Amino acid sequence: MQNKELQKINDIREGILSKEQIKTLADASIIPHDTPGPILQVFAAACAAHGLSPYKREIYLVKYGSQYNTIVGIDGLRAKAARTGEFAGRDDAQYDRTADGKFLTAYDATKNGLPTTCTVTVYRLIAGQRHAFTKTVLWSEYCPANMGGKWKVMGYNMIEKCAEAAALRMAFADETAGLHIPEERAAFEDTTIQAAETNPALAIDVEALSAMIEACDRLDDLHDLYMSDKRHVAYAELFTARKNELA
């Protein structure tokens, strides 16, 4: 590795970031622009503690609402567990597991549509003994209300990652504490199916709604679209902006 690259990694591990380095990371979408200094210091400490480099995109910082979260991929969590030398495998995912231990495999679960829960068990060697750490997560608490993107086309894979990440954090708390995966984003943003039960506007596909608003060429059409769903009140500013364009 070149000396310059080593210096960059050492700098962030020491919490020493120049304005130029901060700009580089922000421009590369590794950290949000205008991230507060204390948050940068915490992020740098996380990079050092976990031995991960933001310059290699092994770890990055995102802002969900008003909160900053340190993100890695599921492979990053798996690597952290493996490095301990105590990771002892995991079981295949179980869906809709009941109190009596019965469950569905992914193959069987897909016949019933979307799952309700996903359970993953990972194992760690402790004092030479293999111990199980099991975590069950609810689909409604992780799946985005609009169920777009990969959640729409490969939802079983997405919820399995959320369950595995939670199980790994249980089993290897010291190594994975504070690390989250992108698939958990809706839970942090409070835009899940569960959240939509108390805030129905979250269930609207904002991208699709914006396209429909843009397609309105007359004020009457725009008004009719607005009145077609009471949840549109939460997006009044989008309608107002289009109204001003048409006026």
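The values are calculated or read from the model by the stated rules, or taken from the named source; none is laboratory data. The structure displayed is predicted, hence computed values, not measured ones. Ideal geometry is used to build each Cβ from the backbone, glycine not excepted, and the neighbour counts take in all protein chains shown. Just the protein is used for accessible areas: all its heavy atoms, side chains included, with ligands, DNA and RNA removed. Shrake-Rupley method; radii C 1.70, N 1.55, O 1.52, S 1.80 Å.
Across the stretch 162-201, the qualifying residues are those that are in a helix (DSSP H, G or I) and free of Cβ contacts under 8 Å to residues at least 24 places away in the same chain, and the one among them that is surrounded by the fewest Cβ atoms within 10 Å (Cβ to Cβ) is ASP174. From the list GLY65, GLY148, GLY113, the one residue that fits, being among the small types (Gly, Ala, Ser) and on the phi < 0 side of the Ramachandran plot, is GLY148. Return the total of residues in the stretch 62-77 being of a type in the set (Val, Ile, Thr), over 16 Å from TYR142 (Cα atoms) and not in a strand (DSSP E or B). The total comes to 1. In the set LYS63, LYS80, only one residue is in contact (Cβ under 8 Å) with a residue 40 or more places away in the chain and either surrounded by fewer than 12 Cβ atoms within 10 Å (Cβ to Cβ) or basic (Lys, Arg) (or both); that residue is LYS80. Taking each residue of the stretch 207-227 that is open to solvent by less than 70 Å² (accessible area, probe 1.4 Å) and looking for partners that are among the charged types (D, E, K, R) and modelled with pLDDT of 90 or more with beta-carbon atoms closer than 7 Å, six or more apart or interchain, yields ILE213/ARG242; CYS216/ARG242; LEU222/ARG242; LEU222/LYS243. Within the stretch 122-149, the only residue that satisfies the criterion of being exposed (fewer than 13 other Cβ atoms within 10 Å of the Cβ) and within 29 Å of ILE204 (Cα to Cα) is GLY149. The combined condition, being open to solvent by less than 80 Å² (accessible area, probe 1.4 Å), farther than 16 Å from THR176 by Cβ and either over 23 Å from the mean Cα position of the chain (by Cα) or not β-branched (Val, Ile, Thr) (or both), is not fulfilled by ALA99.
Screening the stretch 150-160 for residues that are over 19 Å from ALA195 (Cα atoms) and either surrounded by fewer than 21 Cβ atoms within 10 Å (Cβ to Cβ) or among the hydroxyl-bearing types (Ser, Thr, Tyr) (or both) and picking the one that is nearest to the chain's Cα centre (by Cα) gives LYS150. Scan the stretch 29-60 for residues that are open to solvent by less than 30 Å² (accessible area, probe 1.4 Å) and charged (D, E, K, R) and the total you get is 0.
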